[in-house]
1. Condition first: touching a strand residue (DSSP E or B) at 6+ places or on another chain (Cβ under 8 Å) and either part of a loop (DSSP other than H, G, I, E, B) or modelled with pLDDT under 95 (or both). Now tell me which residues in the stretch 89-101 satisfy that.
2. In the stretch 124-138, what residues are within 30 Å of residue 39 (Cβ to Cβ) and under 27 Å from the mean Cα position of the chain (by Cα)?
3. Can you work out which of the residues in the stretch 153-179 that are under 20 Å from residue 38 (Cα atoms) and crowded, with 17+ Cβ neighbours inside 10 Å is modelled with the lowest pLDDT?
4. In contact with a helix residue (DSSP H, G or I) (Cβ under 7 Å, 6 or more places away or on another chain) and either closer than 29 Å to residue 33 by Cα or buried (at least 22 other Cβ atoms within 10 Å of the Cβ) (or both): which single residue out of 82, 111 fits that description?
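The values are calculated or read from the model by the stated rules, or taken from the named source; none is laboratory data. What you see is a predicted model; the values in this text were computed from it and never measured. As a convention, Cβ positions derive from the backbone with ideal geometry for all residues, glycine included, and neighbour counts pool all protein chains shown.
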């Protein structure tokens with residue numbers, strides 16, 4: 001379900017919930033920990049199916065009923081054994097509306113080149129309606145999915161280039177991108193404060209507003225002590241004009 005066009009009059013929903021670590025994910029995490037490696041989230045899939053009776057969420061290895069791909073927009077490792085993966089889904093490309101009843105996340109197989117079903121966000125009890133493209137109001141939903149990552153050496157994700165940047169992320173990236181400028185401004189401010197007295201003295205010298213005054217006389221009758229670089233000297237008028 002790639003985001004290939006701008007949504008018009010979107011219905012925007014956002015949630016933050018913890019995902020269930022799947023048995024296959026638990027096994028993969030154990031391999032990551034044993035090898036002191038990292039976790040890389042590779043893709044997200046939407047599920048529109050209901051769990052079969054007697055089936056535990058942990059036993060899933062794929063969506064019950066695959067309903068399309070979602071977009072990984074961001075991955076943030078909190079450093080507390082958990083990582084939040086931001087997943088987006090939109091109406092773009094949806095021909096028939098459906099209820100999103102689950103989101104499955106995959107990671108790179110720590111022992112191969114494939115993907116492993118890692119975690120699952122169950123939404124069967126409160127599914128999210130995904131409108132079809134072309135509806136009067138389009139749909140965009142963002143899932144902030146909290147995942148257990150243990151003490152993995154690193155946590156990353158393959159970010160979908162079609163994912164939509166959120167304002168909060170743009171503000172954060174802008175702050176990071178210009179942090180050196182902010183630091184320079186702060187440093188300049190501190191420097192100016194440290195030399196405030198010297199700057200005030202210089203201003204007084206330039207303006208001639210020194211306590212007690214500074215007097216400098218010039219002899220325009222003889223030009224004694226004056227080097228004339230340009231202009232016309234009038235001895236009788238005792239003046240120099242440009």
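1. First, pick out the residues of the stretch 89-101 that are touching a strand residue (DSSP E or B) at 6+ places or on another chain (Cβ under 8 Å): 89-94, 97-101.
Of everything in the stretch 89-101, those that are touching a strand residue (DSSP E or B) at 6+ places or on another chain (Cβ under 8 Å) and either part of a loop (DSSP other than H, G, I, E, B) or modelled with pLDDT under 95 (or both) turn out to be 89, 90, 91, 92, 93, 94, 97, 101.
2. Filtering the stretch 124-138 for residues within 30 Å of residue 39 (Cβ to Cβ) gives 124-128, 130.
Residues satisfying the conditions are 128, 130.
3. Step one: list which residues in the stretch 153-179 are under 20 Å from residue 38 (Cα atoms), which gives 153-160.
Going one step further and asking which of them are crowded, with 17+ Cβ neighbours inside 10 Å, we end up with 155, 157, 160.
Numbers: 155: 96, 157: 96, 160: 91.
It comes out as 160.
4. 111
Matching residues to (1) under 20 Å from the mean Cα position of the chain (by Cα); (2) buried (at least 22 other Cβ atoms within 10 Å of the Cβ); (3) part of a strand (DSSP E or B); (4) at pLDDT below 95:
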residue	(1), (2), (3), (4)
62	no, no, no, no
67	no, yes, yes, no
103	no, yes, yes, no
119	no, yes, yes, no
151	no, no, no, yes
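Residue by residue, here is whether (1) surrounded by 18 or more Cβ atoms within 10 Å (Cβ to Cβ); (2) modelled with pLDDT under 95; (3) in contact with a helix residue (DSSP H, G or I) (Cβ under 7 Å, 6 or more places away or on another chain) holds:
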{"site": "17", "(1), (2), (3)": "no, yes, no"}
{"site": "24", "(1), (2), (3)": "yes, no, no"}
{"site": "28", "(1), (2), (3)": "yes, no, no"}
{"site": "34", "(1), (2), (3)": "no, yes, no"}
{"site": "50", "(1), (2), (3)": "no, no, no"}
{"site": "53", "(1), (2), (3)": "no, yes, no"}
